[in-house]
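Enquirer: Mind having a look at this structure? Questions to follow.
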């Protein structure tokens, strides 16, 4: 009987040792070690349900700690993956809710920085996009709200300036000042974008000026004045660089001018 009691005591001690080790690791925040210790108690415990509950709790805390570290080090994509895993079972847990809040603030901070950088780089339209994204993650973000207001004001100011330049170009066009009109439309297009009416008029005007340069260049070529022809055709090329006719003319002129230089050198 005494021997049986001793054996039972030894068995109880063996089963409680892993529990105690697991409890200590858990208390110290050493969750992987706690999982290992409690896993070792599975085969000797008389309460397997309790063991599994403790292991599940340690695994949960291990994920929480890892997610916090991902957020702290700005690896928000990884944090979101871990949060999805945690939310499957623990969506209402205070620690998970806190992680959602931390992650949202971190992501909003990233978008806020991008927006601020774009604003400083004089790209208010892009800045608006980033500030809106920041506010989508954190609704009450004072910095993003202020940045959005500032960027929006800049866009409105730029649009007003673009419209003013557009009408200036129209005025020059009516007066027959095509070069000045083109310059005004070019500045307006830089502000209003490639889909604006200014961009369309700029393209049409560039085409007209380029065609006029081609006609002038051909006249010089017919007279054997290849130098002036080269200059005026290069000006036309800047207007319509994709035009095949002007490319061919410049190619022929380049060969002719090179040949003339060779002849001059030979004569010397």
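Enquirer: Can you give me the C-alpha center-to-center distance between the range 213-229 and the range 114-178, rounded to a whole angstrom?
Expert: 45 Å
Enquirer: When a footprinting reagent is the concern and you count Cβ atoms within 10 Å, what order do 130, 140, 31 take, fewest first?
Expert: Placing the least packed residue first, the sequence is 140, 31, 130.
Enquirer: Let me ask something additional. Specify, per residue and in Å³, the volume enclosed by the convex hull of the alpha carbon atoms belonging to the range 110-193.
Expert: Taking the convex hull of the Cα positions in the range 110-193, it is 70 Å³ per residue.
Enquirer: So, one more: Please work out the FRET efficiency for the pair residue 256 and residue 149, using the Cβ-Cβ distance as r and a Förster radius of 51 Å; give the result to the nearest 0.05.
Expert: Computed FRET efficiency for residue 256 and residue 149 comes out at 0.25.
Enquirer: Something else about it: What translational diffusion coefficient, in µm²/s and rounded to a whole number, does the Stokes-Einstein relation yield for the range 60-159 at 37 °C and a viscosity of 0.692 mPa s, taking the hydrodynamic radius as the Kirkwood radius over Cα pairs?
Expert: The Stokes-Einstein estimate is 228 µm²/s.
Enquirer: Taking 0.36 nm per residue of sequence separation and subtracting the Cα-Cα distance, how much length would be gained by fully extending the chain between residue 163 and residue 49, in nm to one decimal?
Expert: 33.6 nm
Enquirer: Listing 93, 187 from the residue with the fewest other Cβ atoms within 10 Å to the one with the most, what is the order?
Expert: Final ranking by Cβ density, sparse to dense: 93, 187.
None of the figures in this text is laboratory data; all of them are computed from the coordinates on show. Quick caveat, the model's predicted, so the values are computed rather than measured. Please note: Cβ atoms are built from the backbone with ideal geometry, for glycine as well, and neighbour counts cover all protein chains shown.
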